[in-house]
Structures are given as C-alpha cells and as structure tokens.
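Everything below concerns the one structure shown next.
The values are calculated or read from the model by the stated rules, or taken from the named source; none is laboratory data. On a predicted model such as this, the values are computed, not experimentally measured, just so you know. Don't worry about glycine lacking a Cβ; one is built from the backbone with ideal geometry, like all the others, and counts go over all protein chains shown. We work out accessible area using only protein heavy atoms, side chains counted, and drop any ligands, DNA or RNA first. Shrake-Rupley method; radii C 1.70, N 1.55, O 1.52, S 1.80 Å.
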Amino acid sequence: MAAPWEDVLRDEAAIREAASVAVDAALLEGVLMRTEGEPNASDVVNYAPFTLLPSAVPSALFEQAYAVQQDFNLLVDAISQNKEFLEHTLASTIKVDDFTARLFRIHTQVLEEGLAQSVFLGINRSDYMFDCGVDGTAALKQIEINTIAASFGGLTSRTAAVHGQVLKVLGKSKEASRLLPNNPSKGLALGIAKAWELYGSQSAVVMFLVEEVQRNIFDQRCVENELWNRNIRVIRKRFRDVFEKGSLDDARRLYMDGQEVAVVYYREGYVPKNYDQQNWEARLLLERSRAVKCPDIATQLAGTKKVQQELSRPGTLERLLPGRAEAVARIRATFAGLYSLDVGEEGDKIAAAAIADPNQFVLKPQREGGGNNLYGEELRQVLEKIRDSPERTSYILMDKIKPQPAMNYLLRAHSPLQVSECISELGIFGVYVRQGKEMVMNKAAGHLLRTKAIEHADGGVAAGVAVLDTPYLV
C-alpha cells in the first residue's frame, strides 16, 4: 500500500524542513497534550505525537469500516440489553477476574432495583487492522471495540489540517486536497446533546467524569466546546468528587454540587487502577441514577474481550440481531479468528496450539486502554504458567493480524527525527441514542488512524506507543 511520497522519504533536507513546519502546524491547530512532567497543568504543553506524512489506506477497506459501524452500534446496544447473554458469556471470567466481577455485580444490583435510566447513549470506537494475505491482498480485521472512554476523537479532528500543510510544503497540493475532512468531536457531541435533550431538563448539566491525571485534556475539550457552543453546560468531576458531593433525590435524579446532571460521559473507569473502595461506591451511585450514562455498566461489559470472542461463535450474531442477516454478514466479514480458553477440551487444544506456535496468536486480557496484550515468547510463558489454572479463562486468544508495513517518520517531542517501518490501525467512531425501545440516532461519527513502529507489538497513543495519523485513500 504505497503512498505517493516514496520520493520524498529519500530527501533529507525536505524532510527536515517539513518536520519543522509540521510541529508548528500541530501547535497552531491545537493537536496538543499536557506534558508528563506537569500532567495536570496547561501552562506548559506540547504537541501530541503524530506522523510526518499521512499513511496509505485502501479506500475499499476504509469504506467497509464505515459501512459496518451502524451494525456494530446496534450489536453493542442489543448485547447491553441482554442480561442472560452477558451472564452466560462472562460466567467463567467473573470467577477469576475481580474487576469484571465487580462491574457485573453493580450491573445485577441496578437491574434488581429497576433501571431509573430511560435514555441510553453509546459512544464506541471499532478498531481494525489491514491483514495482508499470502497473495498480497489486504482484508479489514477487527481488533476490538471500545465501549468506554474511546479517545482521540478531538485531536484527530485537527490532524488532517496538519498533514495537508505538510503535503503542500512538500509540493503535493493535489494530494493535500484529497485528504478527507474528519470531525469526530462534533459527532460525539451531537450524541451527547441528543441524550441531554431527551433527558428533558434545560437546566441540567453534562458531567465529564475524568481521571486524576489529565494529560489528554485537549482531546476532551474539543467535545466539551462543541457542547458549550450549543449552550449545554459542562462540568468536569472525578470519582472522588462524586463520592464526596454526589447525591440522588427520591426520583433518583443525580445532583452534583446542587446541579442536576443529565448525562455522565465517562473518560475514566475502564481499568482496575481507576478504582478504590470509594470509587466503586461512586460508580454504583452513578449507575443507580436516572442520568444518561455513556456508557452504562451493561454497555461497558458489552465491550469486554470475552464478549468479543463469544460473538465469533456460529449462530451468536443471529441470536442477538434476529432478522438482520445483511448486518450479521457485514459484521462477521470483519472478524479475525477468536478462541476461548475456557476450561475443557476446546480450551486445552487452543492453549496447546498457541504454546507450540506463539507467533500466530495474540493473548488478550479483559482490559481497555492499550498496552495489555501479550505476544510471542511472553505469550508462551504466560500460557504455560496458567494453562492448567482457571485463571486462563480471564484471557482470550486471537489470530495475529499481519499488516503490510510502510515507511514514515513518527514525530515526538524531544525525539530524534528518524524513519521507521510502521503499521497502522483504523478506528471508526460510532454514536447511538436509544429512548426506551426506540433508536433515535445511529451513525458513524468519524475516524481515527493511529500508526506505530513495527517493533512495538501493542499500545495506543495514550500508552505512548502509537501516534496520530491521517488516512490517504489509495
């Protein structure tokens, strides 16, 4: 998948000039992160890491990823409403994975009490790689779907302008004009605004639930500003604020500092380290409330790796999406091989196959946030250690996807300018809003391309491995 700038990569002087322009353009456009040294202060910031040049993406696969996003939105929503499916699918996992078990306990408790929430908002991002077959043709294969705190919709809204400027400086104005406009932050905000409107209180606020360390604040501000532009008031709070100041009235309306909260948008709460006992209590309070949670806890559970693996079993999609044969076919076409490590003959067989040939597989725990997957020798060692233990059921195995690398420069603050062999991952943002049983909004809201050097097996932008990129369709 060669992009039309092979010639440029060999011109060192042109590359150096373009890199200088690129960094200034990123700062001008607001492709920013706080620094590691001052992660909660905005008086010293730097550019978020990004590629010097846009990366080639096959247009047919790009269109396929967009075309299936509404189907994935419907699927995630269907799973979140199917308590029996979640219970059955996660039964083995919650015995050995305390984090998933605690989420599931809250889910059960809220259902037993009766849902106060009647409007449901889903913001997810479905991530893909381009698997290069033996004959050299590329196929779209899903890595995972993120149903909580899917990030970089804001910064990627500003990255295409940077790449357009770089291409112009390199004498490629025609190519620059072919870069697609992309504004996920606007699409995400549309979903939040719709949920806020359906909640039905003009004076209620949207609450961004944010982490203690907030390096990626500008990404969130992009979405936040879209809401302010619609005169929707936004507050930013942490779990500990909810624990200390959050309350429910008799109708289970949520109040923070005396303000009614219509929508809780989670940018936190996706990994075990986000929780101590107080934070678990805060999460339960939020889930019990009438406020629209994005995501509610059932939707967070729908994004677990174990659910992803179960979806690949014959007949599962048909049961979850009855009468939607075309949607099922579109979804299934994106699946890579996924395998259960449940205790029993099937799990024993696949564990043995992975230990014998670890380079064909990826071992995935039930975690979001990047940097958790295991490959190669590390995969073999972990599987050998847990092969006879129930602990193995907290993982799934997936066929390793083999993309075709391409050369690019990865621009990071305080790092030398050097060419790297890179692979890319395409994410499509999806937004849906359901009121009762009626789907009020269901759309693809934009895309995110992330690129990393091939020596890094796993990890995204927030984990410090991948960098922001723009697709150049070929």
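Summary table
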| item | result |
| --- | --- |
| Relative contact order (%) - the chain, alpha-carbon pairs under 8 angstrom, separation at least six | 26 |
| Residue-wise HN-Hα coupling along the stretch 328-340, computed from phi with Karplus coefficients 6.51, -1.76, 1.60 (Hz; x: Gly, Pro) | 4, 5, 5, 5, 4, 4, 8, 6, 8, x, 10, 9, 7 |
| Carbon + sulfur, % of accessible area of the stretch 166-227 - ligands and nucleic acids excluded, 1.4 Å | 47 |
| Simple label model, 7 Å out from Cα along Cβ direction - VAL271 to ARG178, nm | 3.8 |
| Set LYS172/LYS400; LYS194/LYS306; LYS83/LYS237; LYS237/LYS293 screened for pairs whose C-alpha atoms are more than 26 Å apart | LYS172/LYS400; LYS194/LYS306; LYS83/LYS237 |
| Dimensionless Rg over Rh [the chain; C-alpha; Kirkwood] | 0.96 |
| The stretch 162-311: relative contact order in percent, alpha carbon pairs under 8 Å with at least 6 residues between | 23 |
| Label-zone membership for the stretch 193-210, site ARG233, 7 angstrom Cα→C-beta point, backbone N under 13 Å | 201-207 |
| Two-site FRET efficiency, ALA353 against ASN82, from Cβ-Cβ distance with R₀ of 30 Å, rounded to 0.05 | 0.45 |
| Counted charge near VAL343, where neighbours are those whose Cβ lies closer than 13 Å (Asp, Glu -1; Lys, Arg +1) | -2 |
| For the stretch 337-400: relative contact order, % (alpha-carbon pairs under 8 angstrom, 6 or more apart) | 48 |
| Solvent exposure of the chain as accessible area per residue, Å², 1.4 Å probe | 41 |
| Rounded percent of accessible protein surface that carbon and sulfur make up, the stretch 337-400, 1.4 Å probe | 44 |
| Taking all pairs of distinct alpha-carbon atoms in the stretch 337-400, Kirkwood radius in angstrom | 11.4 |
| Estimated distance in nm for a label pair at ASN372 and ALA41, the labels positioned 7 Å out from Cα along Cα-to-Cβ | 3.3 |
